[in-house]
Amino acid sequence: MSELAPRYSATSLLRARFSRDYWRPLWRRTKPKDAYDVVVVGGGGHGLATAFHLARDHGLKRVSVLERKVIGYGNVGRNTTIVRSNYLLPENFHFYEDSLRRYETLSRDLNYNVMYSSRGVVDLANSDDEMVLYARRGNAMRLGGIDAELLDRAGLRRFMPELNPDLPRRYPIVGGLLQRRGGTVRHDAVAWGYARAAAALGVDIVEECEVTGLVTAGGVATGVETSQGFVRAERVVFAVAGHTGSIGRMLGVPLPVETHLLQAMVTEPVKPLVHTVVSYMYGHAEVYLSQSDRGGLVMGGVLDGYPSYTREPEWHRLEEVVQGAVAMFPQVAGLRILRHWAGTNDQTMDGSPLVGRLKYDNVFLNGGWCYGGFKAIPASGAACATLVATGSAPDLIRGFALERFATGHVLDEKGAGPFPVRQ
Ligand SMILES: Cc1cc2nc3c(=O)[nH]c(=O)nc-3n(C[C@H](O)[C@H](O)[C@H](O)COP(=O)(O)OP(=O)(O)OC[C@H]3O[C@@H](n4cnc5c(N)ncnc54)[C@H](O)[C@@H]3O)c2cc1C
C-alpha cells in the first residue's frame, strides 16, 4: 500500500459510520419561535431562496421558513432540472435571463455544488411555420441581449449528431432554436444549498409545520396559525407553488390559478447518448428529454389538463412521452423506465408568474410558477426578498403583479405558456 493511501480498518470505518460527524445535517432542525420579522410559508425553491436573500441582502435577522412536509418534498425535488431563458416576452425573458445568470454562479454564491451544466437547450421544429415562430422568439431574445441561435437541419446535424435529423420520421425535423447557455441544474442540490446557506445566516427552517390560517387585525396580518401553534409575523410570504389556489381560498381572494399535474420519468442509466436538453412536439404531445449525470434519460411531457392534487402519475402520459422519445431517438427503444412521478403546478391563466402583494400590505405571494418555476428560483428569491424588505417591487417583477388580471396587462407567454402550444 502506498504511503499516501489512507489506512482504513473495519473498526475505524464502523466508528466513523456511527459518529455524529458521519452524516452532518445541512441545516439545524428547529421549532418555530414565537415571532419573526418575516415568515415564509413553503420550503420549496422559491421560499428558501426568498428567505436566503432576506437574510443575506437585507440583513433581516428574524426570518423563518415553515414547510408542511420536509425540504425538497415539493416540486423543487420533482422537476426535470431544465434551466433556460428562451421566452418570447420581454417581462419574462429579462427575468429568466437574470435567473440563468444567477444559476451560473450559484455554486459559488451558496458555497454548495448545484451542478449547473450549460449543455444547451434546443427546441425542435417540425415545419417551416414553426421555424418562423422560433425565428420570432429567437429575434426577440437577441434584441433583449440574450443568446439564441436558429439552426437549420445542417446546423442541427452539427450541434447534435446523435439526433440524426435526416432520419425519415412521422414528424420530420426541419430545424430548431438553440440556447447554448441553457441546460440543467441538480434540483435537490438547489433546495439543500439554499436551505443550508439560509440557515447559516440565521434563518429558522421548520419542517412538518403546516400553515393553516392567516391571522389579521386592523387590516394587516399579525401572524399565521400553524400545526405547531400560532406564530407572530410582521410580514408573511406565501411560496407554496401547487397550493397557491388554497392560499387564495384561505384569504378569500380568488386567484387566477389552477393546480395541474405534470409528470416525468427516468430510464435506467446508459452511456452518454444525448448531450443536450431537447424539446419538441410529437403530434399533440410535448416531449422534453435530457440525460442525467448518472446516465438516466429524464423525460417529461405536457400537463394532465385537469385540476388535481393527487401526484399520481398515469400510464397514458408515460406511453405518450416514451413514444415521442423513441420516435426522435430510436436508439433509446428497449430501455427500461426506472421511475415515473408527478408534481402539482400552480398554472396561471397567462402562463406567467404571480409575485406581489396579496390582499394585505404585509402579505406577499411568490407563486404562479406553472411548470417552469425551477429555472426562476434564484431571480425570484432575490426580487421577492427586495419587495418584502423594501416594500417596493424591483422592475424585474413589476409585470408579475396580480393586478394585471384586472387591468388587462396579462403576459400571455406562448414561449412557455400554460398549454402545450409553442408560440
Ligand atoms: C414533473 C415536473 C417537471 C418540471 N420540470 C421543470 C423544469 O425542467 N424546469 C423548470 O424550470 N421547472 C420545472 N418544473 C416546475 C418547477 O418544479 C416548479 O415551478 C417549482 O419548483 C415551484 O416552486 P417551488 O420550488 O417553490 O415549489 P415546491 O417545491 O412545490 O414548494 C412549495 C412548498 O410549499 C409547501 N406548502 C404548501 N402548502 C403549505 C402550507 N399550507 N404550509 C406550509 N408549507 C406548505 C409544500 O409542501 C412545498 O414543499 C417541473 C415541475 C414538475 C412537477
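Laboratory data are not the source of any read-out in this text; all were calculated from the coordinates shown. As the structure is a prediction and not an experimental result, all values here were calculated from the model. FYI the Cβ positions are ideal-geometry reconstructions off the backbone, even for glycines, and counts take in every protein chain you see.
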Taking Cα pairs under 8 Å and at least six residues apart, what relative contact order does the range 139-275 come out at, in percent?
13
Roughly how many nanometres apart are two label points built 7 Å out from the Cα toward the Cβ at residue 250 and residue 409?
2.9
Separation of alpha-carbon centers, the range 192-217 and the range 93-127, rounded to whole Å:
26
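Regarding the range 104-191, what whole-number volume in Å³ per residue does the convex hull of its Cα atoms give? Could you put the intermediate results ahead of the total?
Numbers: hull volume 10.6 nm³, N = 88.
In the range 104-191, the Cα convex hull volume per residue is 120 Å³.
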By a straight-distance test (C-alpha under 19 Å), which lysines pair with residue 375 as possible cross-link partners, with residues fewer than eight away in the same chain excluded?
414
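Please state, as a whole number in µm²/s, the translational diffusion coefficient that the Stokes-Einstein equation yields for the range 6-139 at 10 °C and 1.306 mPa s, with Rh defined as the Kirkwood radius across alpha carbon pairs.
Working: Rh = 19.1 Å.
Using the Kirkwood radius from Cα pairs, D works out to 83 µm²/s.
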What list of whole percents do you get for P(r) of the range 269-423, with Cα-Cα distances grouped in 10 Å bins up to the one holding the largest distance?
10, 32, 30, 19, 9, 1
Looking at the chain, do any whole DSSP H helices span at least 15 angstrom along their long axis by alpha carbon and average 0.0 or above on Kyte-Doolittle, and which?
187-200, 315-328, 377-390
Furthest towards positive pole of dipole, 370, 168, 66, structure part the chain, Cβ charges:
66
Cα extents of the range 57-204 along the principal axes, largest first, in whole Å, come to 58, 30, 26
Could you pull out the longest piece of the chain with no exposed loop chymotrypsin sites (Phe, Trp or Tyr not before Pro) in it, calling a site exposed if DSSP puts it outside H, G, I, E, B and it has at most 12 other Cβ atoms within 10 Å?
24-423
Quick one: pull the percentage of alpha-carbon pairs in the chain with a separation above 34 Å.
32
Which percentage, to the nearest 5, of the DSSP beta bridges contained in the chain is antiparallel?
75
Between residue 136 and residue 294, the two model label points (7 Å from Cα along the beta-carbon direction) sit apart by a distance in nm of 4.1
If one builds a Gaussian network model of the chain from Cα atoms under 10 Å apart, the most fluctuating residue listed among 305, 399, 334 is 334
What value does the range 205-357 have for Rg/Rh, both radii from Cα atoms and Rh as Kirkwood defines it?
1.11
